[in-house]
Amino acid sequence: MTASGTFSWGFEFAEHFDIEALGAIVTKGVTPRPRAGNPQPRTAETPLGMLNSIGLQNVGIERVIEEFAPRWAAWRVPVIVNLAPDRVEDFGTMARMLDGVPGIAALELNISCPNVDTGGMEIGQDPEAAAAATRAAVRNTDLPVIVKLTPNVTDPVPVAKACEEAGAAAICAINTVLGVAIDIERRRPVIPRGRAGLSGPAIKPIALRFVWDVAQAVRIPVIGCGGIRTGEDAVEFLMAGASAVQVGTATFANPRAPLDVLEGLKRWMESHGVQDVREIIGAALPKGEA
Amino acid sequence: MNVAEAVVLSTEPAYENAFVTWFASEALARRREPGQFVMVHCSSEGCDPFFARPFSYHRVDGDRFALLYTVVGRGTAWLARRQPGDRVRMYGPLGRGIRLPRDRANILLVGGGVGIAPLVDLAETAVSRGHQVVAMMGARTSAALLPPGAWPKEVEYVTVTEDGSAGLRGLVTEHVGAYLDWATKLYACGPAPMFAALADVLRGNSRRMRPEILMEERMPCGWGMCYGCAIFTRRGVKLCCKDGPRFPLFDVF
Ligand SMILES: Cc1cc2nc3c(=O)[nH]c(=O)nc-3n(C[C@H](O)[C@H](O)[C@H](O)COP(=O)(O)OP(=O)(O)OC[C@H]3O[C@@H](n4cnc5c(N)ncnc54)[C@H](O)[C@@H]3O)c2cc1C
Ligand SMILES: Cc1cc2nc3c(=O)[nH]c(=O)nc-3n(C[C@H](O)[C@H](O)[C@H](O)COP(=O)(O)O)c2cc1C
Ligand code: FES
């Protein structure tokens, strides 16, 4: 599937490629009210990746329901809406608003956005707040609730377990890694806020470590995300315990990236005599613990 | 949008620190509008630098197209070293280009620096559709000017240099006034301070022309996926790559 915030609302891709070939798509982060996002510069290119501080620019949940959901309903590919409110209780309100809306297959709770002043990552750093957000969403909808973790913690296991207990259907790991870039001529950070979110191939080993840790600690499926660019990258995540993967920043550089990952994965499976991805999920984990 | 490998036909110096590279690719050259752009991967293998770079169509001739660029960093330096026969990955055409007026118009083009790149394509298209074109091009000094021979011969060409080493002295925006009674439409491309100065000159009398500009912003993706290229306009936040790069001057300045 595609990673939140790297695929807009899916319509651009659908205009140029076969969107039905994808396993699922995850939308940009949605907030209760429209947000204009952060000032420029919003991005900085870094070695094999980027820093971003978009600031959750989006049209707000009401227009998502009115304008986008009816268009998604015409697709067979499941659409997962990424929720990014700044207060724990709003996860409940938003989940209720989206419950039963045709065109929406699941929710992904973004408790991990580093680019806003309140909420976001703070919730994802605290197991109790993360569980409260999960509970708020789960109680208000029949849709499966995926919780997306931040890598900006030392140990993701307490948060992941708390979300599992609170009723999460799956865990997605990871969101962006906090980073800074400096403009040495102007002696200032490139991104006005200073800290921004690092993504792309540069973070792949970090993402794999989080999947590795979380997959051994929870029973629910883990969705791997971070730096995936090729079919082989996807195989690594599956072997580290992920049941599915998301392609993010790679799509910026290569519009076909989600399709290339899928085709690359199929080719790898064929050449290695693997019939079903389940054969390789967790294959690299220590025996007896997966 | 097409994802394709274009074949390099030639790379020639255009002026001080600037090059023109011609490519062959039917998928990328056909059906572009002037003012649209391509995202060019400036690496042979793999993905370093990671993102493709946006460049405007500078000239288009059948299945061939040219980019005009100044070397400012790794990507443009790499591009300037491409030899005939080399293959370069890119995707395009992207963005909203310029729709020329249907009726015959007196078109004034205002360019600063490498902002002239798309205006040559626009001038060629406009001339071929019977419009009258005056191109006012500003540069720091004569060595930083595209030779007049690069423009279609039907175009009246006015040069402005900051140091007066060629043509008129000063900034283009100090000289546009002379053409405002003649012009019925204005298109501009250049740095933001030029747009701001242009808006000041045009604000009182020339709003009727609905001047349009081609803008730049950092573009990680170029096709509306990342929301990195936001432009804050009077009509809300727009994406330079998808809603632009063409914008009404007075929506932004
Ligand atoms: C729609 C569009 C059309 C363009 N058309 C042309 C063209 O026809 N000819 C041309 O020469 N250039 C054009 N540009 C600019 C061109 O894309 C950049 O010069 C190029 O990306 C630089 O790549 P690089 O790897 O050489 O430099 P880098 O190493 O990436 O950058 C060099 C320096 O410039 C800064 N920088 C890079 N891009 C931007 C930006 N957009 N805004 C502010 N600072 C920036 C970097 O931070 C760095 O300090 C266009 C840009 C856009 C958005
Ligand atoms: C420009 C940009 C915007 C993003 N916006 C969101 C978002 O709105 N919600 C979210 O949960 N994650 C967001 N992310 C994080 C990605 O979904 C993904 O978790 C992260 O980038 C790591 O994967 P990647 O290396 O494949 O990009 C964003 C990432 C980028 C680069
Ligand atoms: S460059 Fe990514 S949205 Fe415009």
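State all residues of region B:200-222 that are more than 7 Å from ligand 3 (Cβ to nearest atom) and in contact with a helix residue (DSSP H, G or I) (Cβ under 6 Å, 6 or more places away or on another chain); if no residue qualifies, say none.
Just the residues of region B:200-222 that are more than 7 Å from ligand 3 (Cβ to nearest atom), to begin with: B:200-218.
Correct list: B:VAL201, B:PRO211, B:ILE213, B:LEU214.
Among the residues of region A:26-57, those identified as touching a helix residue (DSSP H, G or I) at 6+ places or on another chain (Cβ under 7 Å) and either at the interface with chain B (Cβ under 7 Å from one of its Cβ atoms) or not hydroxyl-bearing (Ser, Thr, Tyr) (or both) are A:VAL30, A:PRO32, A:PRO47, A:LEU48, A:GLY49.
In region A:164-183, which residues are within 14 Å of chain B (Cβ to nearest Cβ) and over 22 Å from A:ALA129 (Cα atoms)? Walk me through how you get there before you give the answer.
In the first step, residues of region A:164-183 are kept if they are within 14 Å of chain B (Cβ to nearest Cβ); the result is A:176, A:181, A:183.
Matches in region A:164-183: A:ALA181, A:ASP183.
Would region A:191-201 turn up any residue that is out of contact with any Gly (no Cβ under 7 Å at 6 or more places or on another chain), at negative phi and without any contact (Cβ under 8 Å) to a residue 60 or more places away in the chain? So far as region A:191-201 goes, no, none of its residues is out of contact with any Gly (no Cβ under 7 Å at 6 or more places or on another chain), at negative phi and without any contact (Cβ under 8 Å) to a residue 60 or more places away in the chain.
Looking across region A:20-44 at every residue that is surrounded by fewer than 22 Cβ atoms within 10 Å (Cβ to Cβ) and not in a loop (DSSP other than H, G, I, E, B), the one that is farthest from ligand 1 (Cβ to nearest atom) is identified as A:GLU20. Of the residues making up region A:7-19, those that are more than 16 Å from ligand 3 (Cβ to nearest atom) and either open to solvent by less than 10 Å² (accessible area, probe 1.4 Å) or in contact with a strand residue (DSSP E or B) (Cβ under 8 Å, 6 or more places away or on another chain) (or both) number 1.
Under the condition of being open to solvent by 20 Å² or more (accessible area, probe 1.4 Å) and either under 16 Å from the mean Cα position of the chain (by Cα) or among the acidic types (Asp, Glu) (or both), the residues counted in region B:116-143 number 1.
Take B:GLY113 and tell me if it is more than 14 Å from chain A (Cβ to nearest Cβ), on the phi > 0 side of the Ramachandran plot and modelled with pLDDT under 95. The answer is yes for B:GLY113.
Evaluating B:ALA230 against the criteria (1) away from ligand 3 (no atom under 16 Å from the Cβ); (2) surrounded by 20 or more Cβ atoms within 10 Å (Cβ to Cβ); (3) within 14 Å of chain A (Cβ to nearest Cβ) leaves one unmet condition, (1). Applying a threshold of 7 Å to beta carbon distances and a minimum spacing of six or more residues, or different chains, the list of pairs starting in region A:211-229 at a residue that is within 14 Å of chain B (Cβ to nearest Cβ) and ending at one that is within 16 Å of ligand 1 (Cβ to nearest atom) and open to solvent by less than 30 Å² (accessible area, probe 1.4 Å) reads A:GLY227/A:GLY200.
Kindly indicate whether any position in region B:204-211 is hydroxyl-bearing (Ser, Thr, Tyr) and more than 23 Å from B:ALA117 (Cβ to Cβ). Step through it out loud before you land on a result.
Here is the first cut: in region B:204-211, the ones hydroxyl-bearing (Ser, Thr, Tyr) are B:206.
This time we only want the ones that are more than 23 Å from B:ALA117 (Cβ to Cβ), so: B:206.
There is at least one residue in region B:204-211 that is hydroxyl-bearing (Ser, Thr, Tyr) and more than 23 Å from B:ALA117 (Cβ to Cβ).
Scanning region A:58-67 for residues that are open to solvent by 10 Å² or more (accessible area, probe 1.4 Å) and away from chain B (no Cβ under 14 Å) returns A:GLU62, A:ILE65, A:GLU66, A:GLU67.
Checking each residue in region B:189-227 for being within 14 Å of another protein chain (Cβ to nearest Cβ) and open to solvent by 40 Å² or more (accessible area, probe 1.4 Å) picks out B:ALA192, B:GLU216, B:GLU217, B:ARG218.
The values are calculated or read from the model by the stated rules, or taken from the named source; none is laboratory data. Please read these numbers as outputs of a predicted model, since none were measured by experiment. Counting neighbours? That spans all protein chains shown, and the Cβs are built from the backbone with ideal geometry, glycine included. Remember, those area values only see protein heavy atoms, side chains included, never the ligands or the DNA or RNA. Shrake-Rupley method; radii C 1.70, N 1.55, O 1.52, S 1.80 Å.
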